[in-house]
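The values are calculated or read from the model by the stated rules, or taken from the named source; none is laboratory data. Owing to the predicted nature of the structure, the values given are computational and were not obtained by experimental measurement. Cβ atoms come from the backbone with ideal geometry, glycine included; neighbour counts cover every protein chain shown. SASA here: full protein model, heavy atoms, side chains in, ligands and nucleic acids out. Shrake-Rupley method; radii C 1.70, N 1.55, O 1.52, S 1.80 Å.
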Amino acid sequence: MDPTDPLVLRHQNGPVLTLALNRPHALNSFTGAMHEALLHELTAAARDATVRCVVLTGSGRGFCAGQDLSDPEIAPDMAPGATQKNIGELIERRYKPLAMLLADFPVPVLASVNGVAAGAGANVALSCDIVIAARSASFIQAFSKIGLIPDVGGTWLLPRLVGRANAMALAMLGDKLPAEQAERIGLIWRCVDDATLAAETKALAERLAAMPLRALAETRRAMARSDRMSFADALSMEAEVQGRLGMSADYIEGVSAFFAKRAPTFSDR
Ligand code: T3D
């Protein structure tokens, strides 16, 4: 790989922006520089009104193998008795802003998992709104194998996605979970044949891009908030959000289009 190659490849097709992690020789594992490139692209996309859906994928045969374990920023000092770096600081400084940005992104973010997603790479994928994966892809909570715990939201996301029994086994054993099985246990939305991943991703992204973005962002926010609520409080929260969305131009347009038997055109207002 040429050192001048961009660490994140960017391709916009109409309203769909595809960002591909681009360190294929190291299965797109995260270095500080790749973090900065990804954060830069996502921040720009969040401000760009022409972007209505972001697809996150990987270059080459992998999606992302998590933290680059050889990155000087984190690599342990192997010398006997050496003082080690505080890698928690790295998580706070690099991964937390990324996860928080995805958690409140203005448009839907689709993970198109083309190959192995391990460690932080798996949990970045799971932080996206919808995860579609190639049949040959896999998900590995690789942390326990190197003496760490799931990070990038893994401890929060896993039990919510697949229940405690699956979450504990995935996290403690660190086994490779094939995409098909990931779909079966509800870790991801859908597993498709490798040959159709690109076409399925495109169709899904275009569909999301044509939807009312305010409602989609509020859906993600409401799902996250409901986790900390009683049933009664969730009902009240839904009523409050619905009250606001019910005054939006998109609601009027959606209902008008339904009765006119035509496709709606949403304005995100
Ligand atoms: O300090 C901290 O760590 C804090 C942050 C934590 C967040 C984390 O993400 S911790 C978890 C880090 N990730 C891992 O532990 C996964 C390590 N990788 C693997 O276990 C395997 O590579 C895979 C199971 C993902 C894929 O296996 P396979 O056999 O398909 O590929 P491979 O041959 O192992 O890897 C291909 C190349 O990518 C290889 O380089 P080479 O030998 O061809 O020059 C390998 O070293 C490189 N690579 C893969 N993962 C990483 C990596 N290089 C650096 N860091 C990696 N994480």
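Here is how the numbers come out for the structure above:
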quantity	calculated
Whole-percent pair-distance distribution, where bins are 10 Å wide, for the alpha carbons of the range 3-77	20, 47, 26, 6, 1
DSSP-defined antiparallel bridges as percent of all bridges, the chain, nearest 5	30 percent
Cα long-axis angle, helix 213-226 against the chain (0 to 90 degrees, to the nearest 10)	60 degrees
The chain: angle of helix 249-260 to the longest principal axis, Cα-based, in degrees nearest 10	60 degrees
Alpha-carbon centroids, the range 130-190 and the range 204-269: separation in whole Å	29 Å
Cut-off under 5 Å, modelled amide H: who pairs with residue 55 long-range	17, 18, 19, 110
Point-charge dipole on Cβ atoms (K/R +1, D/E -1) for the range 79-158, about Cα centre, debye to 20	240 debye
Heavy atoms of residue 202 accessible to a 1.4 Å probe, total area in Å² rounded to 10	100 Å²
For residue 156, solvent-accessible area (1.4 Å; no DNA, RNA or ligand), Å²	110 Å²
Kirkwood-type radius of the chain, with distances r between different C-alpha atoms, in Å	19.7 Å
Solvent-accessible surface (1.4 angstrom probe) belonging to residue 200, in square angstrom, nearest 10	70 Å²
Normalised per residue, the volume of the convex hull around the Cα set of the range 5-143 (Å³)	107 Å³
Rounded tilt (10° steps) of 32-47 against the dominant C-alpha axis of the chain	10 degrees
Proximal lysines to residue 261, defined as alpha-carbon separation beneath 28 angstrom and excluding residues fewer than eight positions away on the same chain	202
Student exercise, the chain dipole from Lys, Arg, Asp, Glu Cβ charges, in Debye to nearest 20	520 debye
